1. When the Karplus curve 6.51 cos²θ - 1.76 cosθ + 1.60 is applied with θ = phi - 60°, which whole-Hz ³J(HN,Hα) does each residue of segment 142-152 get, with x for Gly and Pro?
2. Output ³J(HN,Hα) for segment 280-294: one whole-Hz value per residue in order, computed from phi by the Karplus curve 6.51 cos²θ - 1.76 cosθ + 1.60 with θ = phi - 60°, and x for Gly and Pro.
3. Quick one: Cα centre-to-centre distance for segment 218-233 and segment 265-290, in angstrom?
4. Using a Förster radius of 35 Å, what is the FRET efficiency between Glu346 and Arg314 based on their Cβ-Cβ separation? Nearest 0.05, please.
5. How many nm is it between the label spots at Phe357 and Asn198, if each spot is 7 Å from the Cα in line with the beta carbon?
6. Leaving out ligands, DNA and RNA, what percent of the accessible area of segment 94-194 is carbon and sulfur, probe 1.4 Å?
7. Among residues other than Lys332 whose Cβ falls under 12 Å from its Cβ, what is the net charge (Lys/Arg +1, Asp/Glu -1)?
8. Quick one: 3J(HN,Hα) in Hz for segment 106-113, Karplus 6.51/-1.76/1.60 with θ = phi - 60°, rounded, Gly and Pro as x.
Amino acid sequence: PARPNPAPSSGSPGPHTSAGDMSKFAAALALLLAVDGKVLRGVSGPFGPYGSDFPCSPWRETESEHLQLLRGNPLITEAYPCFALDSSPDAVKFPLWGDLKPEHVHPAVEYVTTRSSIELAMVEATEEPEWERIAVPYEKLYEPYRRLMMMITHKSKVASTKEWRKEVAKARPMLVKFRQRLSQSQDLYGAFKELAVNTTVRSQLSTAQKRIVDRKVQHFELGGVGLRGANRTQFNKLELELSTLRSRFLRNLMQYVRDWRMVLFKKSEVAGLPLVAKRRAAARYNREKPGGNATAAQGPWKLAFGLDVGSVLRFATNREVRKRVLTAVVAKASSGKTDNRKVVFEMLQKRQQLARFLGFQNYTALSLSTKMARRPE
């Protein structure tokens with residue numbers, strides 16, 4: 001018999017409590033669970049009768065408006081490839097980066113975190129501390145979240161817009177709270193701990209599985225699973241604040257990189273640069289200055305971050321130009337509207353507080369706890 005689940009924390013994501021609050025994607029989740037009530041009753045294990053396909057199999061039996069909505073959101077079909085129009089194992093799938101729109105973010109995050117939370121509750125109800133019943137389902141419920149975060153993070157780094165950043169900021173609390181819900185699960189921590197310390201069970205694991213179990217136990221402990229009451233509340237608040245600060249740091253950095261330009265007017269300043277680099281810089285000058293008539297041979301040349309920086313630092317013979325470009329590289333986002341110095345200072349303060357909650361003297365010690373190096377020195 002499955003043990004009863006603890007009451008969810010107030011900050012835990014989960015199904016909406018009223019139909020009026022449910023978005024169309026949350027409604028799709030409700031429909032999924034209604035397709036076959038045996039899923040939640042766990043007829044043959046924590047993932048019901050569908051095995052590794054849970055919870056995609058019911059959709060294959062149910063064509064609906066909701067399924068079309070899910071298929072229309074690239075973030076969801078990337079998180080759950082079985083929702084794609086071609087879900088055969090042989091289908092080669094790549095993220096459709098050009099199809100990602102800001103309006104896809106919030107519904108996808110809501111759907112993935114809600115659905116994964118339900119799957120998490122099912123795994124938590126598993127009594128037997130066995131690899132196949134704990135570790136494998138854990139990875140399956142975490143994988144959609146990981147894939148979703150990969151898509152959002154990469155898009156934020158390479159093609160962010162004001163609208164995209166706004167939607168990501170709106171969805172960030174759901175992402176952070178789900179991660180906290182996962183890393184602070186007492187049931188899962190207890191199950192992995194049992195796999196780690198029970199000599200009978202551990203003896204049946206391979207070397208790789210033992211390593212995975214040990215790292216999972218450490219992951220839970222560094223995620224705050226041992227904290228209670230006000231300490232856990234403050235810890236979770238710090239994590240959300242750090243997530244916001246990291247996003248602000250990245251936004252300032254990207255803005256600086258996008259906006260930085262250096263215009264060179266003398267041939268001596270571009271001496272040594274390959275012809276292709278001078279052509280690129282001249283074309284940029286003409287593209288960004290209406291009526292510009294720059295040429296690769298005569299200039300002017302406008303440099304930007306990317307290939308231009310590498311070309312200057314590697315080939316330019318003008319020492320002063322190399323110095324100016326290198327200074328721009330090492331001092332990125334450290335002045336003006338994109339100044340990240342205050343952001344970095346706040347991050348250092350909050351990381352220090354986070355480390356103290358977990359029993360570390362400082363954040364360096366916390367960071368090294370998962371690395372080969374052991375001492376800050």
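1. 7, 4, x, 4, 4, 5, 4, 5, 4, 5, 5
2. For segment 280-294, the Karplus curve yields 4, 5, 5, 5, 5, 4, 5, 5, 9, 10, x, x, x, 10, 5 Hz.
3. Each part reduced to its Cα centre gives a spacing of 55 Å.
4. On the way: r = 36 Å, r/R0 = 1.03.
Calculated value: 0.45.
5. Result: 3.1 nm between the two label points.
6. In segment 94-194, the share of accessible area belonging to carbon and sulfur is 57 percent.
7. My count for the surroundings of Lys332 gives 0.
8. Coupling constants for segment 106-113: 4, x, 5, 5, 4, 5, 5, 5 Hz.
The values are calculated or read from the model by the stated rules, or taken from the named source; none is laboratory data. Note that the coordinates shown come from a computational prediction; the quantities given were computed from them, not determined experimentally. Note that each Cβ is placed from the backbone with ideal geometry, even for glycine, and that neighbours are counted across all protein chains shown. Note: areas computed on protein heavy atoms with side chains; ligands, DNA, RNA excluded. Shrake-Rupley method; radii C 1.70, N 1.55, O 1.52, S 1.80 Å.
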